[in-house]
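The structure under discussion appears below in the form of C-alpha cells.
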Amino acid sequence: MSINIWYSNKTQVYWTCKALLHGRTISHKTEIREVNGWRLGSIIHNLKKHYDWPIDVEYRGPENIAYYKLRPGTVKSKPRFPKSAKELAGEVTA
C-alpha cells in the first residue's frame, strides 16, 4: 500500500486545512455536520506526520472527544499543503 493514499475524500482534506488555517477548533462532530465526512483523526495524523503541521489536540468531556487546532503562528510559517489543498497556500501568503 502506498503511503500517499488517503482514505478520506479530498474535499474533507481541503475543509480540514481551511478550517485550521482560519483559526477554528474542530472535532469529528464538526466535520460530520459541515461536510458529511469522517476520518478526521486520519487527516490530522497525515497533516502532522507527512506535512509537519503543528496541530494541538485537546480531549474534552467524559467521552474524551478530540478537538484539534493549529498552534499560534503557524500561518506565518507557511505550512506545506497536501495536493488537494494546495490552492489554500495563496491564502497563507496574504
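The rows are residues; the columns are (1) without any contact (Cβ under 8 Å) to a residue 12 or more places away in the chain; (2) hydrophobic (A, V, I, L, M, F, W, C).
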{"residue": "Arg33", "(1), (2)": "yes, no"}
{"residue": "Arg60", "(1), (2)": "yes, no"}
{"residue": "Ala66", "(1), (2)": "no, yes"}
{"residue": "Lys86", "(1), (2)": "yes, no"}
{"residue": "Glu91", "(1), (2)": "no, no"}
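Just the residues that are basic (Lys, Arg), outside any helix (DSSP H, G or I) and at pLDDT below 95, please, taken from the stretch 16-49. Please lay out each step first, then the result.
Taking the stretch 16-49 first, the residues basic (Lys, Arg) are 18, 24, 29, 33, 39, 48-49.
Going one step further and asking which of them are outside any helix (DSSP H, G or I), we end up with 24, 39.
Once the filter is applied, which keeps residues that are basic (Lys, Arg), outside any helix (DSSP H, G or I) and at pLDDT below 95, the stretch 16-49 yields only Arg39.
For the structure I just gave you, tell me whether Val13 is modelled with pLDDT under 90, closer than 20 Å to Phe81 by Cβ and open to solvent by less than 80 Å² (accessible area, probe 1.4 Å). Before the answer, list the steps.
Values: modelled with pLDDT under 90: no; closer than 20 Å to Phe81 by Cβ: yes; open to solvent by less than 80 Å² (accessible area, probe 1.4 Å): yes.
No; evaluated as a whole, the condition is false for this residue.
Do the conditions hold for Asp52, that is, is it at pLDDT below 95 and open to solvent by 40 Å² or more (accessible area, probe 1.4 Å)? First the steps, then the outcome.
Working: at pLDDT below 95: yes; open to solvent by 40 Å² or more (accessible area, probe 1.4 Å): yes.
Yes.
The values are calculated or read from the model by the stated rules, or taken from the named source; none is laboratory data. Keep in mind that this is a model prediction, so the values were computed, not measured. All Cβ positions, even for glycine, are placed from backbone atoms using ideal geometry, and neighbour counts span all protein chains on display. Quick note on the areas: whole protein, heavy atoms, side chains included, nothing else; ligands and nucleic acids left out. Shrake-Rupley method; radii C 1.70, N 1.55, O 1.52, S 1.80 Å.
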